[in-house]
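This report refers to the structure that appears directly beneath it.
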Amino acid sequence: MLTFAGFYGLMALGLNLVWGMAGMINLGLVGFFAFGAYVSALATVNMGAPIPAGVAAASALTAGAGVVMALTTRNLRGDYLAIVTLGFSEVVRLVASNEIWLTKGTDGISGIPGPWRGRVTPETFNLIYLAIVAVFVVAAFWLLERVRHSPFGRVLRAIRDDEQIAAVAGKPVVAFKVQAFAVSAGILGTAGALYGHYISYVAPDSFAPLITIYAVLALTAGGTGDNRGAVVGALLLVFFMESTRFATGWLPGLRPVQVAAVREFLIGASLVVVLRWRPGGLIPERIPRA
Amino acid sequence: MPELLQLLVNGLMAGTVLAVPAIGFTAIYAVLRFPNFALASHATIGAFGGYVANTAGGLPAWAAVAVAFAVAGLVGVLSDTLVLRPLRPAGAITTAIAAVALNIALENVVRFVFGNDHRGYDLPLQRDWQVAAIRVGPQQFQNLLIALVAMAALFLFLAFTRTGKAMRAVADNPTLANVKGVDADRVGRLVNFVGMGLAGVGGMLLGLDTSIDPLTGFRVILSVFAAAVVGGLGSIPGAVVGALTIGVAEELSLVALAPAYRTAVGFVAILFVLTLRPRGILGERAY
């Protein structure tokens, strides 16, 4: 479970860079996550690449996809980026379901290697993997904290608060936004790749739009704009999801599909509630001193 | 050649049906200035509302469509008043995110009540009509007529009634409309009723061709966005032109691509239009 918190934490950190700092939106988080998972799975299973190479390829290619999308909507209002990213996540699922020669369609790719999987007991594997994910989360956190305190991060916040003033101050707004979006997409792709190597199986069904909501919920609950908020939010999210699983188990007389519906409803509803009454999250953003 | 003509006819018919929810999306965008992604679940709710009227209430399809409009429209007004309107001051993007969350919540309400099974409407079986080398299903033709009637009604409403004019005024210039004493809240409720109602009609028309399930609306949402963006976000004639373009493009893509990629056509069209002409075919401005 903590490992999953790590995946959501990485996604929330990636989202924080574009949304929390640069004020851009990505509603297709799950698309980038899935893209990264598939790239790494294909590289390791079909081409026999070592796992680190697969993860690296996933980060790089996902960042590239992010550049394309940020460039396409560079002169438009954020709404367009929202539509394009949401569309991207659907197209990723379509391609994954239909290019059977490449992705085995809805059957998914199984047997994705994990580090030391099979050579140690499953419990040890889980622990090792938790450590690996934790290292990635810490690294991303450190990197993004550096960004936040750097002149680069300051410019991103300026763009978020008023793009025109940032442009008047001589900052190349488009270049900043594209870079931020690319780094963020790269982090999402990395999270996806790590997920694939952990579960050892990826299929289009694993990447439902609900995952985007999970990541947004983690970030907004923890505190948009604050990297600690992203990590804390991810932990809260996993705790919340587990407790809804526990609570809905006690509801009598419901069919399994109804139980699933109640849980998904609660996730959606809680995001609305957080946005409405606690938009700053648990850890509201504090602007670091320059 | 006859095959191409058949695809063209199919595309125009599909495009006309697609235009209905696309108008809803673009009308809400024009007045309230945010992309309301909850449209998908409202299309589903309309489809299920029509389904209950059709199977349990015994109404014929064309009458059940009116039920679909009313149900989806009412849910649209309620969900907007309770959930989205309080968030609007926080900005278009926050509202859009909340709309995605709202969409998931509503979709699961439908799932809770009706389950995940595919359901079919209660329709008389009819043989396809044959005109020269072109085949047309009577149900598709009826859908086409319903879509045209819905659009004509909307046009008359916007062009000739006082309320319709108020709606256009707010879309055009909210500040000026406010100065002139137009009640923006009322117009907001109205556009949600009409827009989500149209989404419900669209969901039902799409369901009449095949079957419905909680994901009915979500499956077409990409085509709906594409129609609205290609035509020019915020422009109602644009949504119609965009929907026809997307409808034909999706059908013609069948010549070269696997059927499953029909919806990807919409995404490619969005990227293409945003790169070359961001305001779309008929849009006046892009933001």
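The values are calculated or read from the model by the stated rules, or taken from the named source; none is laboratory data. Being a predicted model, the structure only gives us computed values, none of them experimental. All Cβ positions, even for glycine, are placed from backbone atoms using ideal geometry, and neighbour counts span all protein chains on display.
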Going through the range A:126-163 in order, the residues found to be aromatic (F, W, Y) and more than 22 Å from A:Y38 (Cβ to Cβ) are A:F141, A:W142, A:F152
Checklist entry - Does the range B:243-265 include one or more residues that are surrounded by 24 or more Cβ atoms within 10 Å (Cβ to Cβ) and within 14 Å of chain A (Cβ to nearest Cβ)? => result yes
Taking the range B:116-131 and keeping residues assigned to a loop (DSSP other than H, G, I, E, B), in contact with a helix residue (DSSP H, G or I) (Cβ under 8 Å, 6 or more places away or on another chain) and in contact (Cβ under 8 Å) with a residue 24 or more places away in the chain leaves B:N116, B:Y121, B:D122, B:L123
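Test A:I213 against the stated conditions and say whether it is more than 13 Å from chain B (Cβ to nearest Cβ) and buried (at least 19 other Cβ atoms within 10 Å of the Cβ).
no
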Could you check, for the range A:237-247, whether at least one of its residues is among the hydrophobic types (A, V, I, L, M, F, W, C), within 19 Å of the chain's Cα centre (by Cα), closer than 30 Å to A:V45 by Cα and buried (at least 19 other Cβ atoms within 10 Å of the Cβ)?
-> yes
Apart from one, (1) touching an Asp or Glu at 6+ places or on another chain (Cβ under 9 Å); (2) within 14 Å of chain A (Cβ to nearest Cβ); (3) closer than 25 Å to B:P237 by Cα all hold for B:A166; the odd one out is (2)
Matching residues in the range A:62-75 (in contact (Cβ under 8 Å) with a residue 24 or more places away in the chain and buried (at least 20 other Cβ atoms within 10 Å of the Cβ)) number 6
The helices (runs of 4 or more DSSP H) lying entirely within the range B:179-287 that contain at least 1 residues which are in contact with a strand residue (DSSP E or B) (Cβ under 9 Å, 6 or more places away or on another chain), under 24 Å from B:M13 (Cβ atoms) and modelled with pLDDT of 85 or more are B:184-209
Over the range A:195-229, the set of residues acidic (D, E) and part of a helix (DSSP H, G or I) is A:D205
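Quick check on my filter: what residues within the range A:101-124 are within 14 Å of chain B (Cβ to nearest Cβ) and over 11 Å from A:P204 (Cβ atoms)?
Across the range A:101-124, the qualifying residues are A:W101, A:L102.
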Among residues of the range A:128-150 being more than 19 Å from A:D226 (Cβ to Cβ) and without any contact (Cβ under 8 Å) to a residue 12 or more places away in the chain, the residue nearest to the chain's Cα centre (by Cα) is A:V135
Scanning the range A:256-290 residue by residue, those more than 8 Å from every other protein chain (Cβ to nearest Cβ), part of a loop (DSSP other than H, G, I, E, B) and not charged (D, E, K, R) turn out to be A:G280, A:G281, A:L282, A:I283, A:P284, A:I287, A:P288, A:A290
Just checking, does the range B:136-143 include any residue being part of a strand (DSSP E or B) and away from every other protein chain (no Cβ under 14 Å)? yes
Subset of the range A:65-82, residues more than 17 Å from the chain's Cα centre (by Cα) and part of a helix (DSSP H, G or I), comes to A:V68, A:L71, A:T72, A:G78, A:D79, A:Y80
query = For A:Y214, are the conditions met, namely being of a type in the set (F, W, Y) and in contact with a Leu (Cβ under 7 Å, 6 or more places away or on another chain)?
reply = yes
Check your understanding: Would you say B:G76 is within 14 Å of chain A (Cβ to nearest Cβ), small (G, A, S) and under 30 Å from A:I213 (Cα atoms)?
Key -> no
Picked from the range B:15-35 (must be within 14 Å of chain A (Cβ to nearest Cβ) and either closer than 18 Å to B:V230 by Cβ or at pLDDT 95 or above (or both)), the residue farthest from the chain's Cα centre (by Cα) is B:A30
